[in-house]
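This report concerns only the one structure given below.
Read the figures in this text as sums done on the coordinates, not as results from a lab. Since this is a predicted model, take the numbers as computed values, not measurements. Virtual Cβ from ideal backbone geometry, glycine too; neighbours counted across all protein chains shown.
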């Protein structure tokens, strides 16, 4: 079981939250106050945060195993990946785009798990890969 933080709440987020909960994960949804009802209806814990202000997200990273960014194209993705280095989060899944490519470069140099995906099913599978415990070389 893992705790997943979904940042940005849109139509896909509800479906993703349901799928993640079926897999046994706990889900936290970070969005504005107007989305809190929809987050609760999806069975997730709502937290108030503004993706354009990373400082509002930092308290909600505590105890999170992975982050899913559904808040659209945002130049702050790379900074968020840098921040994940100092948390328990194993990585981030976001939509593809120029900001995602910048974030991917930071993830590679920082050894942070990183995937891109667009649909709830593919996002859930990407989160599974980010959460997978990477095995070391075989002792053989």
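If one computes the Cα centroid of region 1-41 and of region 55-72, what distance in Å separates the two points?
So the two Cα centres are separated by 11 Å.
Could you tell me what a quarter of the Cα convex hull surface of region 1-84 works out to, in nm² with one decimal place? Each step should come with its number before you reach the end.
Details: hull surface 19.6 nm².
Reported value for the Cα convex hull: 4.9 nm².
Could you work out which residue, out of 58, 20, 84, moves most in a Gaussian network model of the chain, that is, has the largest mean-square fluctuation with Cα springs under 10 Å?
Checking each option, the largest mean-square fluctuation is seen for 58.
How many nm separate the modelled label positions at residue 101 and residue 82, each set 7 Å beyond the Cα in the direction of the Cβ?
For residue 101 paired with residue 82, the spin-label model returns 2.0 nm.
Determine the calculated [θ] at 222 nm for the chain from helices alone, applying -39500 (n - 2.57) to every DSSP H run no shorter than 4 residues and normalising by the residue count; nearest 500 deg cm²/dmol.
Working: 6 runs with 55 residues, N = 140.
Counting only the DSSP helices, I get -11000 deg cm²/dmol.
Given the options 96, 46, 59, which has the most mean-square fluctuation in a GNM of the chain, springs set between C-alpha atoms less than 10 angstrom apart?
59
May I ask you to list the residues of region 90-110 whose amide nitrogen lies under 19 Å from a point 7 Å from Cα along the Cα→beta-carbon direction of residue 119?
Once the point is set 7 Å along Cα→Cβ of residue 119, 93-97 turn out to lie under 19 Å by backbone N, inside region 90-110.
Using 1/(1 + (r/R0)^6) with R0 = 25 angstrom and r between the beta carbons of residue 129 and residue 53, what's the FRET efficiency to the nearest 0.05? Before the final figure, lay out the partial values.
Details: r = 29 Å, r/R0 = 1.16.
After rounding, the FRET efficiency stands at 0.30.
What is the extension gain from residue 111 to residue 45, computed as 0.36 nm multiplied by their sequence separation minus the C-alpha to C-alpha distance, in nm to one decimal? Mind showing how you got there, number by number?
Details: separation 66, 0.36 × 66 = 23.76 nm, distance 2.84 nm.
Computed gain between residue 111 and residue 45 is 20.9 nm.
Which whole number in µm²/s is D for region 18-140 by Stokes-Einstein, with the Kirkwood Rh taken over Cα pairs at 25 °C and 0.890 mPa s? Walk me through the numbers on the way to the answer.
Values: Rh = 15.0 Å.
Once the numbers are plugged in, D ends up at 164 µm²/s.
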